[in-house]
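Here the structure comes first, spelled out in structure tokens, and everything after it is commentary.
The values are calculated or read from the model by the stated rules, or taken from the named source; none is laboratory data. Quick caveat, the model's predicted, so the values are computed rather than measured. With ideal geometry, Cβ positions are generated from the backbone for all residues, glycine too; neighbour counts draw on all protein chains shown.
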Amino acid sequence: MNTIDNSYTAVMGRKNEIMKASLGIDYDDFILSPVAFDYERMMQQTGYSHADIVRIQGETKVGNTPLYELRNLTAAVRRISEPGKGAVILVKDEAANASGSFKARRASISAYEAARKGYKGMIAATSGNYGAAVASQAAQRSLKCIIVQEVFDNRGVGQPEIVEKGRACEAYGAEVLKMSVGPELFYMLLLTLEETGFFNASLYTPFGVRGIETLGLEIASGVRERYGKDPDVVVITHAGGGNLTGTARGLLAAGCDHTRIVACSVDLSGLHMASDGDFNRKSFTTGHTGFGVPFATWPDRVDVPRNAARSLRYMDEYQLVTQGEVFYVTELLTKMEGLERGPAGNISLTAAVTLARQMDQDQVVVVQETEYTGAGKHHNSQLSFARENGIEVRRGDPRDNVPGKAIVIPERLEQVWGMVQDMDRLRLSYLKNAARQLPVGSWTEIDVSFLASDLKVTQDWVRQKMPDLL
Amino acid sequence: MAQIQAGTWVEIEQVILTPEQRAPSLPEDTRKVPYVMRVSGFLLEPAELGGDSRIRTIIGREMSGVLKTVNPSYSHSFGSTVPELLKIGTQADL
């Protein structure tokens, strides 16, 4: 008789063996200590060169997306800037990938790898565009696909964008396990991986992140070709960290050593991500601080033993914007630039408006993604849902936004201003989390060296902070 | 209650974890409700709404649960017009 224990504790206890079987990666090969691991060797061992990745992605309708100059928005920013200020704003139209977002880059290499290794199907646990991307890539590689998605609260109500994302997965032929609110999504993923023997298309494997590197390569060559220089700033919507990590790695591989990497998330501080009651009080389902901050300050909180997405390793600056500011800029993109696009890319576009205002006119700021929009995803749909759920929606000063209570849409472009996060505070918070894995007293040179690289700081910086962590 | 015919596209619901079985350290509102899954598929045998049922999903897996919806569909939309958005980016606003 089959006596497998499927209780929460038992399944979580089998995590490592389930992961090893479902990925074909033995993380023990790279791990150096409870904190440190050989990151670059892990990334290289995927065995794919950039030329391979470009070819694989070309087979399944991924990559070579247009890079547009937003002339009218740039002009509008210049009108409100100091003389000589107002950088050129570009946008990489990632909605043009199969399934409508940059996530196709991420899923494409996993799907190729799963097919190559002879897996019958692939599974991903996600409430984002990644589900649709995995489903679309799996379909093209003749793999079965299961998406495990957090969809509804205890009343059975799903935020319209989440519902749309689930619909898209089903449209591409996936089986969608629609779950109620809770972090047990990971338990459900493990259980399903074990039951099916499918490939784990985790967002956080080296395959997932390396697939995004082509986005950085394309931005570098696109900007150089048209403007004869490297991009000055690339602004990236930040949640789990893969988008930032992969894009920055691609830019660095292309030699853009001086391009400033700016992360941007929607400020949802005060809302609890595992709360059933807060679930439907968010107008953004990703790209927000509920993911962005915890993933930056401890990347290894994920469904693989070591996360390939390590945002602080590449991040120079982190901007926060309010929901109201993003909705305003989304509407400007539509009405002034003739592009109707979904929420994720518009988060970084909002930060780009703020950044461009402070940059010189001969500089270039690149918004590195867009995503598709439509029923459920559209900002009108979000605002209408928010209003029905008792959230105040009005025009005014965006500083009056209160996540979960009030969405204040700016009255004028001058009011789009965002807020810069303190990078050193984030880095210190990361070190505190590292100290929870391994007490500071036990950190070796290897740990200090790893932590310095992972935080884009010197080893001396890490050593100076160590006494405060004891 | 009327029987739903085998072969019909339906959605079932299954309690994966009861409140007592759920992960530790959940916020209070989440902790007191069960962890629930819904999934769609073709009904394998005739069943009643609200009764036990078995399905075959679109990728061919067999699953069981309480029959919840017949011919499940999507009705999410663009929402009711939000007047606050209308003038943004027009001559009237800039």
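Does at least one position in region A:299-310 carry a residue that is assigned to a helix (DSSP H, G or I) and in contact with a Lys or Arg (Cβ under 8 Å, 6 or more places away or on another chain)?
Scanning region A:299-310, I find no residue that is assigned to a helix (DSSP H, G or I) and in contact with a Lys or Arg (Cβ under 8 Å, 6 or more places away or on another chain), so the answer is no.
Quickly run through region A:373-401 and pick out the residues that are under 22 Å from residue A:70 (Cα atoms) and either outside the structural domain of residue A:337 (by TED's automatic domain parsing) or surrounded by fewer than 20 Cβ atoms within 10 Å (Cβ to Cβ) (or both).
A:374
Within region A:355-371, is there a residue that is within 14 Å of chain B (Cβ to nearest Cβ) and modelled with pLDDT of 95 or more?
The answer is no; no qualifying residue exists.
List the number of the failed condition for residue A:409; all other conditions in (1) more than 14 Å from chain B (Cβ to nearest Cβ); (2) modelled with pLDDT of 95 or more hold.
(1)
For residues in region A:116-142 being farther than 20 Å from residue A:188 by Cα, surrounded by fewer than 24 Cβ atoms within 10 Å (Cβ to Cβ) and in contact (Cβ under 8 Å) with a residue 40 or more places away in the chain, which is farthest from the other protein chains (Cβ to nearest Cβ)?
A:117
Applying the selection to region A:339-394, what residues are farther than 13 Å from residue A:284 by Cα, in contact (Cβ under 8 Å) with a residue 40 or more places away in the chain, outside any loop (DSSP other than H, G, I, E, B) and not hydrophobic (A, V, I, L, M, F, W, C)?
A:348, A:350, A:354, A:357, A:358, A:360
Across region A:250-270, what is the number of residues that are part of a loop (DSSP other than H, G, I, E, B) and under 19 Å from the mean Cα position of the chain (by Cα)?
Count: 3.
Scan region A:410-425 and tell me whether some residue there is acidic (Asp, Glu) and touching a strand residue (DSSP E or B) at 6+ places or on another chain (Cβ under 9 Å).
Checked region A:410-425: at least one residue is acidic (Asp, Glu) and touching a strand residue (DSSP E or B) at 6+ places or on another chain (Cβ under 9 Å).
Restricting the search to region B:1-21, which residues are under 20 Å from the mean Cα position of the chain (by Cα) and either under 26 Å from residue A:273 (Cβ atoms) or in a strand (DSSP E or B) (or both)?
Listed by number, the residues that qualify are B:4, B:9, B:10, B:11, B:12, B:13, B:14, B:15, B:16, B:17, B:18, B:19.
Please verify whether residue A:66 is more than 21 Å from residue A:222 (Cβ to Cβ) and exposed (fewer than 15 other Cβ atoms within 10 Å of the Cβ), treating the condition exactly as stated.
no
Taking into account only those residues within region A:207-241 that are part of a helix (DSSP H, G or I) and modelled with pLDDT under 95, which is nearest to residue A:47 (Cα to Cα)?
A:207
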